[in-house]
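This report concerns only the one structure given below.
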Amino acid sequence: MPLKKIKSSIPALTLLAGVLLLNPVSADTLQGQAQSLFKPLPAQMPGAEKDTEALISLGKKLYHDPRLSINDSQSCASCHNVMTGGDDGEATSPGAKGERGDRNAPTVLNAGLQFKQFWDGRAADLIEQAKGPILNPIEMGMPSPEAVVEKLSATEYPKLFEQTLGKESLNYDNIALAIAAFERTLITRDRFDNYLKGDNQALNDAEKRGLKGFINNGCAGCHNGALLGGQSYQKIGVLKPYKNTADAGLEKVTGETSHKYWFKVPTLRNIALTAPYFHDGTVATLEDAVKTMAELQLGKKLSEQEVGDIAAFLNSLSDIKSVTQVSMSNNH
């Protein structure tokens with residue numbers, strides 16, 4: 001990805017966050033305030049109109065296939081379980097050979113609606129992102145795109161690709177194309193969307209108090225829009241340094257010292273399902289994440305009541321189907 005593109009995106013997006021912080025919304029009601037800051041998730045992701053059912057089906061198969069890893073042990077779904085929040089519940093994920101990466105696996109749910117991919121935004125879109133983990137020596141460990149194609153050529157995939165994309169269409173670009181097509185179907189639905197669409201009863205009293213606190217304390221300065229995040233970079237530790245200084249974040253991508261400790265602002269959709277938190281996975285609970293962010297980013301020490309209410313609101317952002325799946329998993 002061109003570094004110039006990354007650099008130029010930061011000031012405008014950071015300015016947007018600042019404007020939201022300095023200029024409180026003027027809508028008369030809490031619901032009106034929410035509707036001015038946030039948006040319901042769209043019916044489909046950009047690019048999805050070109051995806052055929054056959055391509056989506058092929059991508060789903062690839063997404064769940066451990067043969068994309070060096071030793072047939074690791075699939076995309078190993079770290080990004082679409083049934084239980086879109087991640088793996090680990091601080092950092094073990095790869096095909098058991099070695100762990102240095103960053104927390106973010107949710108794949110709604111990922112295609114974000115402005116960049118990965119914590120440091122090094123991939124422009126889902127297609128570019130899908131190519132990374134397969135070749136990452138710690139993650140899936142395949143040595144080269146050619147090795148991936150050669151391996152799949154000895155399976156049922158040549159016929160499947162021919163049926164979907166035409167003759168001799170099994171190549172690394174099309175593998176990523178198909179996986180991205182499947183990932184574009186992963187849009188979630190939650191009660192907050194219903195609230196934004198006018199159902200005032202979709203949130204309970206604690207969740208509404210939490211939403212009010214979320215707005216009034218400035219959380220919406222970075223966590224806004226349809227995803228409540230996912231559209232900008234921000235430094236972790238704006239007002240108080242973050243404890244982990246080993247990961248320089250965006251600076252690794254741009255080479256700019258001014259980008260040290262900057263990361264993509266994560267989406268808060270489904271956040272209650274994706275503990276532990278932050279880019280290094282070191283914060284165990286949603287309440288601790290709320291408390292820590294208020295101190296580091298906003299210079300505020302929230303009361304236990306405020307923290308609990310904001311966490312309650314964040315629970316309303318959980319995908320209804322995923323909540324059911326998590327509940328079923330916990331009961332077995």
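All of the numbers you see were taken from the coordinates with simple rules; none came from a lab. The shown structure was predicted, so the numbers you read here are calculated from the model rather than taken from an experiment. Here the Cβ is made from the backbone with ideal geometry for all residues, glycine too, and neighbour counts use every protein chain on show.
Results, tabulated for the structure shown:
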| read-out | value |
| --- | --- |
| Length gained when the stretch Glu90-Ser57 is fully extended (0.36 nm per residue, less Cα-Cα span) | 9.1 nm |
| Check: the stretch 89-172 dipole with +1 on Lys, Arg Cβ and -1 on Asp, Glu Cβ, in debye | 80 debye |
| Unit Cα scatterers, Debye sum, the stretch 48-183: log10 I(q)/I(0) for q = 0.09, 0.16, 0.17, 0.18 Å⁻¹ | -0.24, -0.79, -0.90, -1.01 |
| Mean Cβ count within 10 Å, highest first, over the residues of peptides 277-284, 46-53, 107-114 | 107-114, 277-284, 46-53 |
| Computed Kirkwood radius, in angstrom, where 1/r is averaged over Cα pairs of the stretch 129-213 | 16.3 Å |
| Cβ-Cβ FRET estimate between Asp28 and Glu304, R0 fixed at 35 Å, reported to 0.05 | 0.75 |
| Span per principal axis, largest first, for the Cα atoms of the stretch 220-332 (Å) | 47, 31, 27 |
| Within the chain: Cβ-based charge dipole about Cα centre, in debye rounded to nearest 20 (Lys, Arg +1; Asp, Glu -1) | 700 debye |
| Approximate spin-label separation Glu162-Ala246, in nm, with each point projected 7 Å along Cα-to-Cβ | 4.9 nm |
| Anchor Lys301: aspartates and glutamates whose Cα lies under 18 Å away (excluding residues fewer than 8 positions away in-chain) | Glu287, Asp288, Asp309 |
| Given charges at Cβ of Lys, Arg, Asp, Glu: the chain dipole, positive-most of Ala34, Ile127, Ala289 | Ala34 |
| Full-stretch length increase - Asn136, Asn204 - with 0.36 nm per residue and alpha-carbon distance subtracted | 20.1 nm |
| Efficiency of FRET from Cβ geometry, Ala123 and Ala43, R₀ 22 Å, rounded to 0.05 | 0.35 |
| Environment charge of Asn270, counting only residues whose C-beta is closer than 13 Å and scoring Lys/Arg +1, Asp/Glu -1 | 0 |
| Compactness of the chain, expressed as Rg and Dmax over alpha-carbon positions, Å | 20.2, 63 |
